[in-house]
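Chemist: Structure incoming, see below.
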Amino acid sequence: MYKFSNILFLIAFLQLSSCSQKALTDKVNNKDSRVDKLLESMTLNEKIGQMNQYNGFYDATGPAPTGGDAKMKYEHLRNGMVGSVLNVTGADAVRKLQETVVNESRLGIPLIFGLDVIHGHKTLAPIPLAEAASWDLEAIEKASRVAAIEASARGINWTFAPMVDISRDARWGRVMEGAGEDAYLGSKVGAARVKGFQGNNLSDINTIAACAKHFAGYGFAESGKDYNTAEISMTTLYNVVLPPFKACVDAGICTFMNSFNTVNGIPSTADKFLQRDVLKGKWGFEGFIVSDWGSGAEMIEHGVAKDKKDVAIIATNAGSDMDMESYANVNFLQAAVEEGSVPMKYIDDSARRILKVKEDLGLLDDPYKYCNGTREKELLYHPDHRAAVLDIAKKSIVLLKNENNALPISKTQKRLAVIGTLAQDKNSPLGNWRMGSDDDTAVSVLEGLDNMGIEYTYAEGTKLSIGENAFIREMKINETDRSQFDEAIELAKKSEQVLMVLGEYGYQSGEGRSRAKLGLPGLQQELLEAVYEVNPNVVLVLMTGRPLVLNWADENVPAILNTWHLGTESGNAIAEVLVGNYNPSGKLPMCFPRSVGQLPIYYNHLNTGRPGPKDLVFWSHYTDEKNSPLYPFGYGLSYTSFDYKDISVSNTYGTDDNVKVSVTLSNTGKLKGKEVAQLYLRDRVASVSRPVRELKGFKLVELNAGESRVVEFILTKDELGFYNNNGDYVIEKGDFDVYVGGSSNANMRKSFDLK
């Protein structure tokens, strides 16, 4: 039996007694009353303690630290000066730290334990960008549910996900962590992931609090360099950057994380407009905001704070509630309040918000509810979890090219070559964020082919990297060692077909992994061309965490299968698609550029005053490259084919407040398959220049060979309007164009007049 303070015990007893007699609304009110009573009993220092988060700092199952920074943090735990800890995993370790706080601090207020549960915990799903390529919201939600079940079984009750930053620049490594370039798709994916993490009742044992990050503009870092500044117009801020965050609020998310970057010169941690005016004010967000790692202290480097006392004052006044690893609040906020630099109401508000999330998680009733060692043993790598991540892994694969039916490969051919070091790699497919997983636990491509009973001969071809590959270190890429080229080329010569498994290593994308060159890293392009020269019957199996520049492969290689980094079941998913057991249905959530010089590139751009093409030079274009991407947003092929026809629009807006669009979708091929039917809208004349088209609806439709179906889309006020530069959502009368098809290049168009 854990030791609980007399105050908390009495409040808990009264709560339980009254709940049996009151309606649901009374229970909610009683929760608020419970938090308020607890808040009244807290000292200023204890309230500030709730606003302090530390990284895990010692082996909690061992002896207490006796010196240095670890001792200071340990004493803060015992004195109620810590509200949360991150990067502590395992039911035993979590319980030991929780016992320290509950049994030794004055009020025994439990900690909330956070971790980057980004695309799975032990059992890893595809990276989030790959999940978005599935366009399957149910599968995405299920993958996040699996992550929540496993993380909660290991003591974690808070994830720093979903990342809902929209980004149009593949140089930025963290595109792998989001849903791509489009705010509409990003909003749907973000809401699905929130629901997966938090479920229908946050107090359930297998749910964890979600965190929308990074608020805001992080994905617009100049030149794609991580942590760089962002310059964003109000139109872009309101219509592109903020909608996925608003969707997370609407989905009931508990927490937000602010971002490292400045937006128009103001660090996000110091941005009162974003945090107090928009998020907590206009949107009515009731959860709390945590800083990103050290983003408070980084205000000093940004040049808006002179020291950490300044940091505590500026961040708290701006609306940031919890300080992650800046040591500003815990050391300087009390003095700032006492001298009047920070109003006491802000401290009370932040502490109340944090306590309410702990209450919603059920931690005030049972601090150890997430520390059940039996659940930890039963739920990690559970067969049902592997089945769920395999399902979404298959759905996330995008077929980029398939000439002459190069795919699927024959299950009976006897001379199949597999070339590329990534084909045998069991670590890279896990992706960049796998804080709770184990190295080398992915199913490799070779293992997947073995499981399918496919005969092949393997050659590594070339090393991708040199030395250790680690999360916190930059990789050293092999640029000189061609010693294995000859073996791969000789194998290709005597083979009927060659699978080239090439791409980025899992640690080449993610935080701090910006790239100025987006071709195949190292010697892989050279190897690909050498193999193609002796055997052009090549299938490129591409593993990547971001869009790459694939011009040569697109011009020469018969088939390209983009498999991203697919997580634990990677090899099995890839093999099932390669042999045709699963018909690929993924669609790109980001454009693949023809050149780095095109970046940022995105489909929903403004038209400019001089669109083209024109005969003369005076229009918006490059003189040495096309304006269009190599592969557009929403693009993806299938082993079958689809046709769209008979588009119609029924405009009853103002009566039934909707516009109905219907189209006939037909499977014109010989195989059963899924198509993501996409609807795009253009507002032709508005008070603010609007994009050439915007995604406003999609449907995942499965059809048998030869089958046709009428697909309907409903456009409501949520799809027909936009935000003006004042942040007001407006719906303006006038002419609209609607496009329906299989990508953002959809050319089936119908117009209507919104009166």
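Chemist: Out of the DSSP beta bridges found with both residues in the stretch 393-598, what percent are antiparallel (nearest 5)?
Modeler: 25 percent
Chemist: For the stretch 485-582, rounded, prolate or oblate, judged on the Cα gyration tensor with a ≥ b ≥ c (square roots of eigenvalues), a/c < 1.5 rounded, else prolate if a/b > b/c?
Modeler: Since a/c reaches 1.5 but b/c is at least a/b, the shape of the stretch 485-582 is classed as oblate.
Chemist: Rounded to the nearest Å, what's the spacing between the alpha carbon centres of the stretch 384-447 and the stretch 667-736? Just the number, please.
Modeler: If we compute the Cα centre of each part, the gap is 32 Å.
Chemist: Place a point 7 Å from the Cα of K37 along the Cα-to-Cβ direction; which residues of the stretch 79-116 have their backbone N under 19 Å from it?
Modeler: Only 106-110 fall inside the zone, counting backbone N under 19 Å.
Chemist: Now for a different question. Mind ordering 231-238, 692-699, 45-52 by average Cβ neighbours within 10 Å, highest first?
Modeler: 45-52, 692-699, 231-238
Chemist: Work out, step by step, the length gained on full extension between E496 and A387: first 0.36 nm times the residue separation, then minus their alpha carbon distance; give nm to one decimal.
Modeler: Contour length minus Cα-Cα distance gives 36.0 nm.
Chemist: Taking 0.36 nm per intervening residue step and subtracting the Cα-Cα distance, what contour gain separates N55 from K733 on full extension?
Modeler: 238.8 nm
Chemist: Could I ask something else about it? Determine, from the Cβ-Cβ distance of A470 and S662 and an R0 of 35 Å, the FRET efficiency 1/(1 + (r/R0)^6), rounded to the nearest 0.05.
Modeler: Taking R0 as 35 Å, the efficiency between A470 and S662 is 0.10.
Chemist: Give a residue-ordered list of calculated ³J(HN,Hα) values for the stretch 545-556 (Karplus: 6.51 cos²θ - 1.76 cosθ + 1.60, θ = phi - 60°; whole Hz; x for Gly, Pro).
Modeler: Rounded to whole hertz, the list is x, 7, x, 10, 8, 10, 4, 5, 4, 5, 6, 10.
Chemist: Right, next: How much length would be gained if the chain were fully extended between E286 and N451, taking 0.36 nm per residue of separation minus their Cα-Cα distance, in nm to one decimal?
Modeler: 54.5 nm
Chemist: Shifting gears a bit: Which whole-Hz couplings ³J(HN,Hα) result when phi for each residue of the stretch 466-474 is put into the Karplus expression 6.51 cos²θ - 1.76 cosθ + 1.60, θ = phi - 60°, listed in order with x for Gly and Pro?
Modeler: Using θ = phi - 60°, the values come out as 10, x, 6, 10, 9, 4, 9, 10, 6 Hz.
Chemist: Further question on the same structure: With runs of 4+ DSSP H residues as the only contributors, calculate the mean residue ellipticity of the chain at 222 nm using -39,500 (n - 2.57) per run, divided by the residue total and rounded to the nearest 500.
Modeler: Result for the chain: -9000 deg cm²/dmol, rounded to the nearest 500.
Chemist: Separate question: Name the residues of the stretch 141-169 whose amide N is less than 18 Å from a point 7 angstrom out from the Cα of N206 along the C-beta direction?
Modeler: Those under the cut-off are 141-159.
Chemist: Applying 1/(1 + (r/R0)^6) with R0 = 41 Å to the Cβ-Cβ distance of K225 and D643, what FRET efficiency is obtained, to the nearest 0.05?
Modeler: It comes to 0.40.
Chemist: May I pose another question? From the residues I127, L115, P162, which one has its Cα farthest along the dipole of the stretch 107-191 in the positive direction, the dipole being from +1 and -1 charges on Cβ of Lys/Arg and Asp/Glu about the Cα centre?
Modeler: L115
Chemist: Let a ≥ b ≥ c be the square roots of the eigenvalues of the Cα gyration tensor of the stretch 612-704; is it rounded (a/c under 1.5), or, if not, prolate (a/b larger than b/c) or oblate?
Modeler: oblate
Chemist: Which order do M72, M543 fall in if you start with the one that has the fewest other Cβ atoms within 10 Å?
Modeler: Listing M72, M543 from fewest to most nearby Cβ atoms yields M72, M543.
Chemist: Here is a further query. Past the 28 Å Cα-Cα mark, which pairs from K395/K670; K587/K626; K358/K696; K188/K356; K401/K696; K142/K750?
Modeler: K358/K696; K142/K750
Chemist: Another one. Let me know the charge dipole size of the chain about its Cα centre in debye, to the nearest 20, where only the beta-carbon of Lys, Arg (+1) and Asp, Glu (-1) is charged.
Modeler: In debye, rounded to 20, the chain gives about 1120.
Chemist: Let me ask another. For the stretch 393-598, rounded, prolate or oblate, judged on the Cα gyration tensor with a ≥ b ≥ c (square roots of eigenvalues), a/c < 1.5 rounded, else prolate if a/b > b/c?
Modeler: rounded
Chemist: Kindly state, to the nearest 0.05, the FRET efficiency for D718 paired with E138, given R0 = 22 Å and r defined as their beta-carbon distance.
Modeler: 0.60
Chemist: 7 Å from Cα along Cα→Cβ at both K626 and K414: what's the point-to-point distance in nm?
Modeler: Here the answer is 4.2 nm between the modelled labels.
Chemist: Just one of (i) 14, 37, 28, 16, 5, 0; (ii) 16, 48, 31, 5, 0; (iii) 14, 44, 35, 7, 0 is P(r) over Cα pairs in 20 Å bins from 0, in percent as worked out from the coordinates here. Which one is it?
Modeler: Read-out taken from this structure: (ii).
Chemist: For K37, give me every one of the aspartates and glutamates with a C-alpha distance below 19 angstrom, ignoring sequence neighbours fewer than eight places off in its own chain.
Modeler: Excluding near neighbours in sequence, the set is D26, E46, E286, D348, D349, E359, D360, D365, D366.
Chemist: Now a separate question. Using each residue's phi in the stretch 304-321, evaluate 6.51 cos²θ - 1.76 cosθ + 1.60 at θ = phi - 60° and report the 3J(HN,Hα) Karplus result to the nearest Hz, with x for Gly and Pro.
Modeler: 10, 9, 8, 7, 6, 5, 4, 4, 4, 5, 5, 5, 5, 5, 7, x, 6, 8
Chemist: Which of the lysines could a cross-linker span from K308 if the Cα-Cα distance has to be under 19 Å and same-chain partners fewer than 8 positions apart are dropped?
Modeler: K47, K73, K272
Chemist: In nanometres, what is the gap between the two model label sites at A335 and A686, each 7 Å from Cα along Cα-to-Cβ?
Modeler: So the label points at A335 and A686 sit 5.0 nm apart.
Chemist: Rounding to the nearest 20 debye, state how big the charge dipole of the stretch 393-598 is about its Cα centre with +1 on each Lys and Arg Cβ and -1 on each Asp and Glu Cβ.
Modeler: I would put it at about 600 debye.
Chemist: Could you pull out every one of the lysines with an alpha carbon less than 25 Å from that of K463, ignoring same-chain neighbours closer than 8 positions?
Modeler: Counting by Cα, and skipping residues close in sequence, K463 has these lysines nearby: K426, K476, K493, K494, K517.
Chemist: Find the centroid of the Cα atoms in the stretch 279-321 and in the stretch 46-117, then give the distance between the two in whole Å.
Modeler: Measuring centre to centre over Cα atoms gives 22 Å.
Chemist: So how do 604-615, 669-680, 649-660 stack up, highest first, on mean other-Cβ count within 10 Å?
Modeler: 669-680, 649-660, 604-615
Chemist: Rounding to the nearest 20 debye, state how big the charge dipole of the stretch 208-289 is about its Cα centre with +1 on each Lys and Arg Cβ and -1 on each Asp and Glu Cβ.
Modeler: 160 debye
Chemist: Over the chain, what is the percentage of antiparallel beta bridges among all DSSP beta bridges, to the nearest 5?
Modeler: Of all bridge pairs located within the chain, approximately 60 percent are antiparallel.
Any read-out appearing in this document is the output of simple, stated calculations on the displayed coordinates, not a laboratory observation. Owing to the predicted nature of the structure, the values given are computational and were not obtained by experimental measurement. Reconstructed Cβ throughout: ideal geometry from the backbone, glycine too, with neighbour counts over all protein chains shown.
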